[in-house]
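The values are calculated or read from the model by the stated rules, or taken from the named source; none is laboratory data. As the structure is a computational prediction, the values presented were derived from the model and not from experiment. Counting neighbours? That spans all protein chains shown, and the Cβs are built from the backbone with ideal geometry, glycine included. Heavy atoms of the whole protein, side chains included, go into the accessibility calculation; ligands, DNA and RNA do not. Shrake-Rupley method; radii C 1.70, N 1.55, O 1.52, S 1.80 Å.
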Amino acid sequence: MSNVKIEPSWKAVLENEFEQPYFQAIAAFLRREKEAGKVIYPPGPLIFNAFDSTPFAQVKVIILGQDPYHNPGEAMGLSFSVPRGVATPPSLKNIYKELNADVGAPIPPHGDLSSWAKQGVFLLNAMLTVEHKQAQSHQHIGWQNFTDAVIRKLSEQREHLVFMLWGNFARKKAALIDASRHLILEAAHPSPLAGGAFFGCKHFSKANAYLEGHGLTAVEWIVK
């Protein structure tokens, strides 16, 4: 599996993971599903989009999602993000509301967060694929072994990162992170199902205060 197409710095950091039996099992599972005619999101070239958009040494902030979107045309390999021209999903609408209240960023007319990714916001989903219309369908195929390893590598090999963990699923990942080296921000999930508990977390301003406090450039949170 060393032929995985992924941004070179990430490939170097994760090379051992690609050789693990669990990762080869993921690849074999996805091949079988496609051969059986299943529709998988995101499209193959976008499975590692978060990695390709934000090289390892450029990561500043990690926003952890759970599952790619499972409707046609939505998943683009960046957590919470959808391509331009696709309706902004409910959770992202709430993220935008908090962003506006926290740092005054205007609410954009689209849901494409690529401008964040280019600035070092690593938009990682715990599962990197999903079957069409089947939420969490790939939750147990091994992706969490891989993305847990990604979180550990960031925690061990980088310093002064900000991890945004939203909702109970993401918050469990705090156990993988060295809190003495990084800032861990926890909040309710931005989903409307959480009843607005996400609002008021002020994670965006807290992230920038932490980054600037360690001599790092703040993130320009206005979505371009």
Practice task
Quick one: His70 ticks every box in (1) part of a helix (DSSP H, G or I); (2) in contact with a strand residue (DSSP E or B) (Cβ under 8 Å, 6 or more places away or on another chain); (3) surrounded by fewer than 23 Cβ atoms within 10 Å (Cβ to Cβ) except a single one, so which number is it?
Solution key: (1)
Fill in the blank from the handout: Over segment 13-29, the set of residues open to solvent by 20 Å² or more (accessible area, probe 1.4 Å), part of a helix (DSSP H, G or I) and in contact (Cβ under 8 Å) with a residue 12 or more places away in the chain is Val13, Glu15, Glu17, Tyr22, Gln24, Ala25, Phe29
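For segment 145-173, how many residues are of a type in the set (Gly, Ala, Ser) and either farther than 17 Å from Met127 by Cα or in a strand (DSSP E or B) (or both)?
1
Among the candidates Val82, Val86, Val4, single out the residue that is surrounded by 21 or more Cβ atoms within 10 Å (Cβ to Cβ) and assigned to a loop (DSSP other than H, G, I, E, B).
Val82
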Practice task
Report the residue count in segment 173-205 for those that are in contact with a strand residue (DSSP E or B) (Cβ under 8 Å, 6 or more places away or on another chain) and free of Cβ contacts under 8 Å to residues at least 24 places away in the same chain.
Solution key: 7
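For the condition assigned to a helix (DSSP H, G or I) and either modelled with pLDDT of 95 or more or acidic (Asp, Glu) (or both), what is the one hit in Leu211, Leu128, Leu185, Leu124? Let's see the steps before the verdict.
Working: Leu128 fails: assigned to a helix (DSSP H, G or I); Leu185 fails: assigned to a helix (DSSP H, G or I); Leu124 fails: assigned to a helix (DSSP H, G or I).
The unique qualifying residue is Leu211.
Let's see how each residue does on (1) over 20 Å from Cys201 (Cα atoms); (2) in contact with a helix residue (DSSP H, G or I) (Cβ under 7 Å, 6 or more places away or on another chain):
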residue	(1), (2)
Pro45	yes, no
Leu64	no, yes
Gly111	yes, yes
Ser114	yes, yes
Problem - Test: residue in segment 144-154 that is in contact (Cβ under 8 Å) with a residue 24 or more places away in the chain and over 23 Å from Ile6 (Cβ atoms) - result: no
Problem - Hits in segment 159-185 - residues which are surrounded by fewer than 16 Cβ atoms within 10 Å (Cβ to Cβ) and among the charged types (D, E, K, R) - result: Glu159, Lys172, Asp178, Arg181
Handout entry: Matching residues, segment 132-158, being over 21 Å from Trp10 (Cα atoms) and crowded, with 16+ Cβ neighbours inside 10 Å
Key = Ser137, His138, Ile141
